[in-house]
Amino acid sequence: MSRWTRRNLLRGTLRGSAVAVSLPFLDLFLDGNGEALANGLPLPTRFGTWFWGCGVNTSRWFPSKLGAGYDLKDELRPIAPWQDKVTVFSNFNCVLDGRPNLVHWSGVMATLSGAAPLKGGVNGGTSELPTIDCLVADYMGQSTRFRSLELACTGQSGVSYSMRAGSTVNPSEVDPVQLYRRLFGPGFQDPNKAEFSPDPAVMLRKSVLSSVKDDRDELMRTAGAADRQRLEQYFTSVRQVEQQLEHMLEKPAPAEACQLAKEPGAMALGPTWDVATRTHDVMAQLLVMALACNQTRVFNIALSNAGSNLRKPGDPVSFHELTHEEPVDEKLGYQPRATFFIERSMETFASLLKHMDGIREGSGTLLDNSLILATSESNFAKIHSVDNLPILVAGRGGGRWKSGQHISGNGDPSSRVGLTIQQVIGMPVNAWGQGAMEVTRPITEVMA
């Protein structure tokens, strides 16, 4: 019988004190049945994803004109002030190739992970590969205090489209007050202050994994193949935390645009439209200042879950329910009550662009030095279409992205957008995706 149980901790000593590291759930616990900064470095590029649920109305969202100077239809009109910094992609598909269309799941995972998933639905699911934000964070997130930040606007921490693989979801921050304290609380070091004093608590925490080496090695020898894989992922995440702690022991580089944000007041949380968009606005402002202060370079925002539970105040019917139950108005050609949420979702995305474009960095703005991949899980949600997925990329990637265009994919996999982003950022990637979603050709029209 194994000595390892769910209550076990890996134990060791650090600086003369006992330390312990808890363990994830393992099979062996079961029975046999179971431009330039002030320091001379280039201005950093930031990457983020922005998700809204329940798609668009094709004829009211996608431009008719290709290339620069594309036309803006009614649902995309809110981005007009930033049109020259937003690229619209059309006719890029989730190629199922015999896999099931998992409603409200297949489309978003195809675009963000490069693979059509095998399990999932309206309440979430699994991912065959890490989502693009994880890959970008692995590449450029180790020199910041936070590898990435995940935010959700409806009060549910499980609403997140950032996944390492399998069913492991990177949970979201949902409370603006808690987000503020995480970003700008006692652990925050102002990059523009002359003095710097490392936090002694960080110094004590940074080598915990090394201190439990003997127990860790014994556990790895005892564990089965599946548990070893889980443990490798777990210890990798712990090591990443230690790398972040090591960064916190170094004086941060000056950041011209960084200003200490003010703590927001307590707010109601939930899926009511006014509440969710207010939450988005406050968290977006905190996020923008976190980016300006080099606290992170990678982020993910979910306006709602994929089967959107957003609703108007006093209305018991959600956006998701409307997409299926509301008839298409014969004169208008669309569902007016459901379309309210599509139009307002684009207004909310435009508000993030406004905040980011308002931060000056060098000769441009924070938005100019970013790439934001915005997408939904379907085209027309009433029929769960995963062809012609709505995809936007905002920003100029520090001058490496030719923005302000409408690009047609002619039925290609939506993963081509993710491959292009990775190459523009500078990642050494020649192919990305799995199965019918695997691609090797970037979209050269947007590469400067």
message: Quick check on my filter: what residues within the range 287-303 are open to solvent by 10 Å² or more (accessible area, probe 1.4 Å) and part of a helix (DSSP H, G or I)?
response: MET289
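Quick check: anything in the range 59-75 of a type in the set (A, V, I, L, M), surrounded by fewer than 23 Cβ atoms within 10 Å (Cβ to Cβ) and under 23 Å from the mean Cα position of the chain (by Cα)?
Our first condition is that a residue be of a type in the set (A, V, I, L, M); within the range 59-75, this holds for 66, 68, 72.
Cutting the leftovers down to surrounded by fewer than 23 Cβ atoms within 10 Å (Cβ to Cβ) gives us 66, 68, 72.
Within this subset, residues satisfying the condition of being under 23 Å from the mean Cα position of the chain (by Cα) are none.
No, there is no match, as no residue in the range 59-75 is of a type in the set (A, V, I, L, M), surrounded by fewer than 23 Cβ atoms within 10 Å (Cβ to Cβ) and under 23 Å from the mean Cα position of the chain (by Cα).
Determine whether LEU260 is modelled with pLDDT of 65 or more, under 21 Å from PRO186 (Cβ atoms) and open to solvent by 80 Å² or more (accessible area, probe 1.4 Å).
Taking the combined requirement at face value, the residue satisfies it.
Quick one: in the range 164-202, of everything that is hydrophobic (A, V, I, L, M, F, W, C) and either touching a Phe, Trp or Tyr at 6+ places or on another chain (Cβ under 9 Å) or at pLDDT 95 or above (or both), which residue is farthest from THR49 (Cα to Cα)?
Initial filter on the range 164-202 (hydrophobic (A, V, I, L, M, F, W, C)): 165, 169, 174, 177, 179, 183-184, 188, 194, 196, 201-202.
Within this subset, residues satisfying the condition of being either touching a Phe, Trp or Tyr at 6+ places or on another chain (Cβ under 9 Å) or at pLDDT 95 or above (or both) are 169, 174, 177, 179, 183.
Numbers: VAL169: 15, VAL174: 16, VAL177: 22, LEU179: 18, LEU183: 19 Å.
Ranking the qualifying residues of the range 164-202, first place goes to VAL177.
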Subset of the range 427-443 (residues that are open to solvent by 50 Å² or more (accessible area, probe 1.4 Å) and closer than 12 Å to LEU129 by Cβ): GLN434, GLY435, GLU438
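Sort through VAL424, VAL417 and tell me the only one that's closer than 15 Å to THR131 by Cα, part of a helix (DSSP H, G or I) and at pLDDT 95 or above.
Details: VAL424 fails: closer than 15 Å to THR131 by Cα.
Residue meeting the stated conditions: VAL417.
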task: Working carefully through the options ALA137, ALA116, ALA165, find the one that is assigned to a strand (DSSP E or B) and of a type in the set (Gly, Ala, Ser).
output: ALA165
query: Does the range 342-352 include one or more residues that are open to solvent by 50 Å² or more (accessible area, probe 1.4 Å), among the β-branched types (Val, Ile, Thr) and assigned to a helix (DSSP H, G or I)?
result: no
query: Going by the conditions given, is THR323 outside any loop (DSSP other than H, G, I, E, B) and closer than 23 Å to GLY155 by Cβ?
result: yes
task: Determine whether the range 309-320 contains at least one residue that is among the aliphatic types (A, V, I, L, M), buried (at least 20 other Cβ atoms within 10 Å of the Cβ) and assigned to a loop (DSSP other than H, G, I, E, B).
output: yes
task: Working carefully through the options ASP133, ASP84, find the one that is open to solvent by 50 Å² or more (accessible area, probe 1.4 Å) and either out of contact with any Leu (no Cβ under 7 Å at 6 or more places or on another chain) or closer than 21 Å to SER385 by Cβ (or both).
output: ASP84
message: Given the criteria within 25 Å of the chain's Cα centre (by Cα), exposed (fewer than 13 other Cβ atoms within 10 Å of the Cβ), at pLDDT below 95 and not β-branched (Val, Ile, Thr), does PRO42 qualify?
response: yes
statement: Filtering the range 326-341 down to residues that are hydrophobic (A, V, I, L, M, F, W, C) and either surrounded by 16 or more Cβ atoms within 10 Å (Cβ to Cβ) or part of a helix (DSSP H, G or I) (or both) yields ALA338, PHE340, PHE341
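The values are calculated or read from the model by the stated rules, or taken from the named source; none is laboratory data. Note that the structure is predicted; figures quoted are calculated from it, not measured. Backbone-built Cβ (ideal geometry, glycine too); neighbour counts: all protein chains shown. The area values use the complete protein model at the heavy-atom level, side chains included, leaving out ligands, DNA and RNA. Shrake-Rupley method; radii C 1.70, N 1.55, O 1.52, S 1.80 Å.
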